[in-house]
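Below is one structure, written out as structure tokens; the observations come after it.
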């Protein structure tokens, strides 16, 4: 029987992780991290329904796919977002999806095109930290920084390494 189970999946094949529905998570959950889970980006909509989620860390291919499109109400309480070692290329979101975002960290997202320009209208945004991402991500970060300064006469701290 054990031999049959061992041979039922080809080598190096790991089934996709499926997230539980939002009500299965503790409703007072404030911090959440995923690493190497290869979730679909669309599954993040489940996490957006956690009413008190303030910090989300997605590292080492936590999510897979080219496009992250934030839908519905987004992440109303999220203050910290970390994306690291991701194959994301396009991010579709507005300032309304992250109204409380204070700190954004992107690291080694080599294929990533740009931060949504609408993030310049997130008035709580205080820090954008970019490490080893594409030149276009660096340029979009600088443009957001300039837009915040021009539009709101305030500043956002930017680190680009």
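Odds and ends about this structure:
- Filter pass, residue 32 being modelled with pLDDT of 90 or more, crowded, with 17+ Cβ neighbours inside 10 Å and touching a helix residue (DSSP H, G or I) at 6+ places or on another chain (Cβ under 7 Å): no
- Segment 127-142, residues that are surrounded by fewer than 16 Cβ atoms within 10 Å (Cβ to Cβ) and either outside any helix (DSSP H, G or I) or in contact with a helix residue (DSSP H, G or I) (Cβ under 7 Å, 6 or more places away or on another chain) (or both): 127, 131, 132
- Every pair of residues 6+ apart whose Cβ atoms lie under 8 Å, when the first sits in segment 47-59 and is without any contact (Cβ under 8 Å) to a residue 40 or more places away in the chain while the second is part of a helix (DSSP H, G or I) and surrounded by fewer than 21 Cβ atoms within 10 Å (Cβ to Cβ): 47/22; 49/22; 50/22; 53/47; 56/47
- Here residue 123 fulfils each of the conditions (1) in contact with a helix residue (DSSP H, G or I) (Cβ under 9 Å, 6 or more places away or on another chain); (2) within 19 Å of residue 64 (Cβ to Cβ); (3) assigned to a loop (DSSP other than H, G, I, E, B) apart from (2).
The values are calculated or read from the model by the stated rules, or taken from the named source; none is laboratory data. Bear in mind that the values here come from a model prediction, so they are computed numbers and not experimental data. Note: ideal-geometry Cβ built from the backbone for every residue, glycine included; neighbour counts use all protein chains shown.
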